[in-house]
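Working notes for the structure below.
The values are calculated or read from the model by the stated rules, or taken from the named source; none is laboratory data. Just so you know, these numbers come straight off a predicted model, no measurement behind them. Neighbour counts run over all protein chains shown; Cβ positions are idealised from the backbone, glycine included. Calculation scope for accessible area: heavy atoms of the full protein, side chains included, ligands and nucleic acids excluded. Shrake-Rupley method; radii C 1.70, N 1.55, O 1.52, S 1.80 Å.
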Amino acid sequence: MPSSQSTASSDVDPIIHASVYEAGARISVLLPLPVETAYDYLVPEGVTLAPGDIVEVPLARRFEVGVVWGAGLGDVPVAKLREVVHKLDLPSLPDVLRKFIDWVAGYTLQPAGAVLRMTLNPARRWPQAKVATAIVVGRPLLESGVKPTPAREKVLMIAAKGPFESAAALSRESGVGAGVIKGLIEAGALALVEAQPVSPFAQPQPHYMRPVLEPAQKESALALCAKVGRGFSVTVLDGVTGSGKTEVYMEAIAATLEAGKQVLVLVPEIALTAQSLARFQKRFGAEPAEWHSDLTYKARRETWHGAATGAAKVVVGARSALFLPFNHLGLIVVDEEHDSAFKQEDGVIYHARDMAVVRAKEGNIPIVLASATPSLETIINVRGGRYGVVHLPERFGAAAMPKIGVVDMRKTPPEKGRWGRAWLAPPLVKWVDQTLATGDQALLFLNRRGYAPLTLCRTCGHRLNCPHCTAWLVEHKLTHRLQCHHCGYSAKQPETCSSCGDKDSFVPCGPGIERVAEEAMARWPEARVRVVSSDVLERPSAVAELIADILAKRIDIIVGTQVLAKGHHFPGLTLVGVVDADLGLSGWDLRAAERTHQLLHQVAGRAGRADKPGRVLLQTHDPSHPVMHALISGDDEAFINSEVDARDLLAMPPFGRLTALILSSHDEAAVIAAGRGLAAAAPKGDGIEVLGPAPAFMALLRGRHRHRLLLKTSRNTPPQAMVREWLARVKTPSSVRIQVDVDPYSFY
Ligand code: ADP
Ligand code: ZN
């Protein structure tokens with residue numbers, strides 16, 4: 001975290017810069033490229049620039065859009081400097097955002113230019129503005145020296161209701177010929193003016209549809225509203241699934257809107273934006289602006305511009321929305337704060353939840369972290385008094401928490417059906433029977449896309465692997481292809497085994513959701529079964545359709561991955577069956593148990609959210625596992641405490657710090673050599689430990705060989721300076737890419 005800031009509020013108008021640069025001044029311009037520092041340029045004649053201004057500059061033999069970062073750094077002689085081409089007609093980046101970008105770059109050890117790129121991308125392809133004109137009434141007819149006629153008077157009367165975008169439009173509307181209109185324009189009785197751009201954003205109204213809050217909700221809402229306008233604070237909104245967290249944080253949004261400030265709501269997945277847009281529309285009478293990877297360039301520019309000008313009052317978006325150039329930000333909400341989707345794993349590697357806290361601190365504004373299962377990091381911050389917390393211990397209205405039970409797969413394994421191998425054990429089958437009988441909906445959850453995770457040769461045991469990754473190819477029946485889930489490679493299933501030459505010998509092993517759906521369709525031929533995964537929900541519109549189908553009960557059984565597990569509210573869904581509750585627990589990952597607990601808790605939370613009670617069954621081979629125990633007993637506290645103790649004992653995050661170095665290259669020998677070189681030069685000292693180099697779990701990914709090193713430091717030893725020096729000490733060939741992952745969440 002940066003040291004505490006004294007800015008009174010984010011509202012301080014950044015136009016009042018200490019520094020303004022006149023013609024001939026040397027300034028530094030940061031470019032949205034993988035560069036560590038800004039480059040020097042000169043301010044051209046007739047131009048005045050200030051920090052934050054977006055400018056076009058020459059770069060080698062092309063032009064690039066960058067941002068004035070401050071005074072020139074001065075290490076290049078003036079004679080060699082080139083001039084800024086011009087200043088773009090775009091709002092300047094606020095001071096707070098520039099500071100934030102520098103901070104993120106410093107913390108994540110990524111080039112500042114690469115971080116800036118996340119902010120500046122829409123500005124880089126800004127289209128040439130067409131000056132739009134409009135026709136309005138000009139000076140009085142008598143003064144313009146033309147004689148009043150019925151046609152002229154009619155045009156002027158209609159024009160008064162304008163503005164009209166063209167003479168043709170006014171002619172159409174008034175039924176008067178274009179010649180008459182032209183004459184009136186020439187005489188000045190009609191005037192051409194610059195059209196005011198219409199804002200694409202409807203204004204949300206704080207009190208459009210205010211729900212009556214229950215006492216606990218009200219108390220929490222008041223606590224959150226009390227933070228608005230009072231500077232920086234972090235408050236955890238810890239409420240069980242269905243307790244009304246969204247309704248509660250929307251009260252804080254209303255308070256922020258009343259204060260005339262903007263709000264940023266971060267959600268972990270695009271799939272979640274569709275439903276939030278609809279809920280915002282209901283609550284505030286207007287849809288918020290959106291921000292995610294599936295927007296058109298036009299929509300992206302609109303949201304970007306709206307964030308900068310303040311026209312977009314509420315932005316709901318995926319993690320990169322954090323880098324939008326908000327000028328009047330008054331509140332940040334991170335929904336499902338525990339979700340690991342907030343960690344961006346490629347390009348600039350950063351954790352959007354953690355960086356959102358930094359952004360709030362830089363802007364001196366409150367942030368709300370909402371979750372039914374807050375992350376361990378957040379829990380420890382609450383326990384340490386660094387974050388505030390409000391609780392919603394019960395579901396809203398008549399809804400009760402679902403009953404969670406286990407199916408011991410060792411005692412009651414699935415019985416083979418006439419369709420072959422089965423994955424649903426008898427107790428779960430019975431519950432689905434009952435659910436369908438009462439006309440309710442069931443969700444069969446399995447966090448595995450496709451039909452079968454592994455295909456092997458029955459004759460020789462040969463497994464079908466991705467040629468570019470250490471991974472099995474996953475069979476997808478929907479597309480009739482084998483796919484690699486890591487690099488996107490896909491192929492037709494071969495007819496003969498390349499290893500033993502046997503024909504038609506390949507068999508699928510294990511289930512993916514398509515295979516479970518096959519079983520469900522065979523068991524319940526009358527039921528309408530739908531397979532739901534990221535494969536079918538690539539676009540928000542597809543998500544919206546699916547949600548409508550579920551709400552309208554056009555689906556009886558959903559067989560889905562985690563895309564549908566989070567946040568959604570389906571009143572008719574009363575049964576959740578987890579096909580393989582043990583799935584996330586294998587393998588070495590610091591957060592495997594925590595994550596499995598969070599995910600299963602979320603999935604379970606989809607059941608019985610309205611007046612009918614919900615039922616959850618976890619199929620497991622290890623019913624006594626602490627995660628299963630916590631879910632069945634509802635005693636999260638004990639589970640969390642044991643996780644906290646374990647991390648504390650091993651000085652693992654957040655009690656210690658981890659930084660991963662991932663080396664990769666097409667040349668395996670080069671990676672091995674680079675790993676050895678880094679290990680030999682590794683930092684040493686008290687509380688410093690370096691693990692590796694070792695081949696990564698995904699030793700081959702997209703054709704690149706991968707080795708990893710892990711630096712472990714104590715909580716009070718920030719690794720940034722150490723890692724920077726370390727990397728500077730070692731010369732590695734350019735064929736080896738080194739990725740630095742500060743606070744890693746994935747260890748493959
Ligand atoms: P969470 O985000 O905690 O899972 P939601 O905010 O989605 O919970 O609330 C669950 C459901 O209950 C939603 O349909 C929501 O609109 C409804 N709800 C919650 N609180 C209220 C309230 N005070 N008045 C009316 N409806 C409410
Ligand atoms: Zn692959």
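Could you work out the local net charge near Arg449, counting Lys and Arg as +1, Asp and Glu as -1, over the other residues with Cβ closer than 14 Å to its Cβ?
Cβ neighbours under 14 Å give a net charge of -1.
Can you list residues whose amide H is under 5 Å from Ala471's amide H, if they're 5+ apart or on another chain and H is modeled 1.01 Å from N?
Residues meeting the criterion, in which the H sits 1.01 Å from N, are Cys466.
Measure nothing fancy, just the Cα-based angle from helix 178-187's long axis to the longest principal axis of the chain, in degrees from 0 to 90, nearest 10.
60
Amide H to amide H under 5 Å from His476: which residues, 5+ apart in sequence or cross-chain, H placed 1.01 Å off N in plane?
Residues meeting the criterion, in which the H sits 1.01 Å from N, are Tyr451, Arg481, Leu482, Gln483.
Could you report the stretch 451-510's accessible area per residue, 1.4 Å probe, as an integer in Å²?
That works out to 54 Å² per residue.
Relative contact order for the chain: what percent, with Cα pairs under 8 Å and sequence separation of 6 or more?
Over the chain, the number comes to 11 percent.
For the stretch 656-742, just the Cα set please: Rg and Dmax, both in angstrom.
12.5, 38
What net charge is computed for the residues neighbouring Ala646, neighbours being all others with C-beta under 14 Å from the C-beta of Ala646, Lys and Arg scored +1, Asp and Glu -1? Mind dumping the intermediate values first?
Working: positive: Arg591, Arg647; negative: Asp589, Glu594, Glu643, Asp645, Asp648.
Result for the neighbourhood of Ala646: -3.
Compactness ratio of the stretch 212-278: Cα Rg over 2.2 N^0.38 Å, N = residue count?
Values: Rg = 12.4 Å, N = 67, 2.2 N^0.38 = 10.9 Å.
Here the answer is 1.14, to two decimals.
Taking every pair of Cα atoms in the stretch 521-670, average 1/r, invert it to obtain the Kirkwood radius, and report Rg/Rh to two decimals.
With Rh from the inverse mean 1/r over Cα pairs, Rg/Rh is 1.06.
I need the shape label for the stretch 218-371. Rule: rounded when a/c is under 1.5, else prolate if a/b > b/c, else oblate, with a, b, c from the alpha carbon gyration tensor. Provide the component values of the computation, followed by the final result.
Working: a/c = 1.28, a/b = 1.19, b/c = 1.08.
Judged from the Cα gyration tensor, the stretch 218-371 comes out rounded (a/c under 1.5).
When 1/r is averaged over all different Cα pairs and the result inverted, which Kirkwood radius in Å belongs to the chain?
The Cα-based Kirkwood calculation yields 29.3 Å.
Over the Cα atoms of the stretch 432-588, what Rg and Dmax result, in angstrom?
Every Cα atom of the stretch 432-588 included, Rg and Dmax give 17.3, 53 Å.
Roughly how tilted is helix 297-309, in degrees to the nearest 10 and between 0 and 90, from the longest Cα axis of the chain?
Approximately 70 degrees, to the nearest ten.
Among residues other than Phe747 whose Cβ falls under 14 Å from its Cβ, what is the net charge (Lys/Arg +1, Asp/Glu -1)?
For residues surrounding Phe747, the net value is +1.
With every protein chain present, what accessible area does Thr574 have (1.4 Å probe, heavy atoms only), rounded to the nearest 10 Å²?
10
May I ask for the equivalent-ellipsoid semi-axes of the stretch 451-510, computed as the square root of five times each C-alpha gyration tensor eigenvalue and listed largest first in whole Å? Numbers along the way, then the final one.
Values: eigenvalues 63, 29, 20 Å².
Equivalent-ellipsoid dimensions as semi-axes: 18, 12, 10 Å.
Counting only helical runs of four or more DSSP H residues, what would the 222 nm mean residue ellipticity of the chain come to if each run contributes -39,500 (n - 2.57) and the total is spread over all its residues?
Roughly -9000 deg cm²/dmol at 222 nm, from the helical runs in the chain.
Roughly how large, in nm² to one decimal, is the mean projection of the convex hull of the alpha-carbon atoms in the stretch 357-491? Walk me through the intermediate numbers first.
Numbers: hull surface 63.9 nm².
The orientation-averaged projected area of the Cα hull of the stretch 357-491 comes to 16.0 nm².
Taking amide H positions as placed in the peptide plane 1.01 Å from N, state which residues far from Val531 in sequence (5 or more) or on other chains have amide H under 5 Å from it.
Val559
Residue by residue through the stretch 68-84, which ³J(HN,Hα) values in whole Hz follow from phi under the Karplus form 6.51 cos²θ - 1.76 cosθ + 1.60 (θ = phi - 60°), with glycine and proline marked x?
Result, rounded to whole Hz: 5, 9, x, 5, x, 8, x, 9, 10, x, 3, 4, 8, 6, 10, 8, 4.
Report Rg/Rh for the stretch 133-194, rounded to two decimals, where Rg is the Cα radius of gyration and Rh the Kirkwood radius.
That ratio equals 0.91.
If you roll a 1.4 Å probe over the chain with all protein chains in place, what percent of the accessible area is carbon or sulfur?
54
Could you list, in their original order, any pairs among Lys161/Lys182; Lys261/Lys566; Lys411/Lys492 whose Cα atoms are separated by more than 27 Å? Could you put the intermediate results ahead of the total?
On the way: Lys161/Lys182 18 Å; Lys261/Lys566 29 Å; Lys411/Lys492 38 Å.
As for pairs spanning more than 27 Å Cα to Cα, those are Lys261/Lys566; Lys411/Lys492.
Determine the principal axes of the Cα atoms in the stretch 296-362, then give the extent along each, sorted from largest to smallest and rounded to whole angstroms.
Computed over the Cα atoms, the extents are 30, 27, 19 Å.
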